[in-house]
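Structure first, then comments.
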Amino acid sequence: ALNIRSLILENLEQAVITEDPEKRKMLLNFVIAGAGPTGVELCGAIAEVRNHIVPRDFRDLDPNEMEIHLVEGLDRVLPPMSEKASAKAEKFLKELGVQIHLNTMVEEYDGLKVTTNQED
């Protein structure tokens, strides 16, 4: 968890100083594979950073530039949980600005780019 936190903060710091818009976009784009409890919690935590920490501590960044994607191979978030809990979690994440991609499998990650089985 500490390593992930450090990586997120490092990306934000690098995004502040880069002048390359493509590099900035890459640094501010977070993809989490798996919408189980850990993936859902991690997306929520990153969204909280975007919504509360970035405006306060990274004033040179536009929080709207940050994208958070949750990729899940099954048809709902929190598949092991009840459908009610799943629906509530999905609604909450969407309200936080997390983009949810269901029925989507990660096919490849090269260290920079995530490729899925979907064309979008």
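The values are calculated or read from the model by the stated rules, or taken from the named source; none is laboratory data. Given the structure is predicted, the values throughout are model-derived calculations rather than measurements. Every residue, glycine among them, receives a Cβ derived from its backbone with ideal geometry; neighbour counts consider all protein chains shown. For the accessible areas, the whole protein counts, side chains as well, though only heavy atoms, and no ligand, DNA or RNA atoms are used. Shrake-Rupley method; radii C 1.70, N 1.55, O 1.52, S 1.80 Å.
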So Lys113, is it at pLDDT below 95 and either over 15 Å from the mean Cα position of the chain (by Cα) or loosely packed, with under 11 Cβ neighbours inside 10 Å (or both): yes
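Would you mention how many residues in segment 37-76 are of a type in the set (S, T, N, Q) and closer than 16 Å to Met26 by Cα?
The qualifying residues number 1.
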So which helices (runs of 4 or more DSSP H) stay within segment 14-104 end to end and still have 3 or more residues that are in contact (Cβ under 8 Å) with a residue 24 or more places away in the chain and open to solvent by less than 20 Å² (accessible area, probe 1.4 Å)? 37-48
Qualifying positions in segment 105-117 - touching a strand residue (DSSP E or B) at 6+ places or on another chain (Cβ under 7 Å) and either of a type in the set (A, V, I, L, M) or assigned to a loop (DSSP other than H, G, I, E, B) (or both): Met105, Val106, Val114, Asn117
